[in-house]
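The values are calculated or read from the model by the stated rules, or taken from the named source; none is laboratory data. Small disclaimer: the values here were computed from a predicted structure and weren't measured. A quick note on method: Cβ atoms are made from the backbone with ideal geometry, for glycine too, and the neighbour counts reach across all protein chains shown. Keep in mind that these areas ignore ligands, DNA and RNA; they rest on the heavy atoms of the full protein, side chains included. Shrake-Rupley method; radii C 1.70, N 1.55, O 1.52, S 1.80 Å.
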Amino acid sequence: QVQLVESGGGLVQPGGSLSLSCTGSGSIFSSAMGWYRQAPGKQRELVATITRGGFTTYTDSVRGRFTISRDNAKNSAFLQMNSLKPEDTAVYYCNSPGRLVNWGQGTQVTVSS
């Protein structure tokens, strides 16, 4: 049973930064990993992905502000978020886009002055 645990969220002012972390058990980290977010009243969206070899993709709204990375040896993935905007407010989750497993609890990110 794969378990994913996200951490690092919080309350930050517009323009601020946060660094999210995701750790997991099982073999999921042998695959590409992604960070998703779900804002109130909206569908969950994929915002960034990284292959095991380090190739990254980003949705247009976060490109240039967010950076996804991973540590394969530690079964971990990370999301560095800079220049945060109020519209980045959401619960953030990690998972594997190609082989979704049970969602973790996520970590709340709130961008507000």
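Val91 sits with roughly 30 Å² accessible to a 1.4 Å probe, with DNA, RNA and ligands left out of the calculation.
Of the trypsin sites (Lys or Arg not before Pro) in segment 1-86, the ones in a loop by DSSP (not H, G, I, E or B) with at most 16 other beta carbons within 10 Å are Lys42, Arg44, Arg52, Arg63, Arg65.
Basic side chains Lys and Arg get +1 at the Cβ, acidic Asp and Glu get -1 at the Cβ, and with that the dipole of the chain about its Cα centre reaches some 160 debye. The alpha carbons of the chain occupy a box of 40, 25, 22 Å along the principal axes, longest dimension given first.
Annotation: segment 2-68 has a Kirkwood hydrodynamic radius of 13.5 angstrom, from the mean reciprocal C-alpha pair distance. For a modelled paramagnetic label at Leu100, 7 Å from Cα along Cα-to-Cβ, the residues of segment 1-36 in reach, with backbone nitrogen under 12 Å, are 36. Within the accessible area of the chain, the carbon and sulfur atoms contribute 48%, probe 1.4 Å, all protein chains present.
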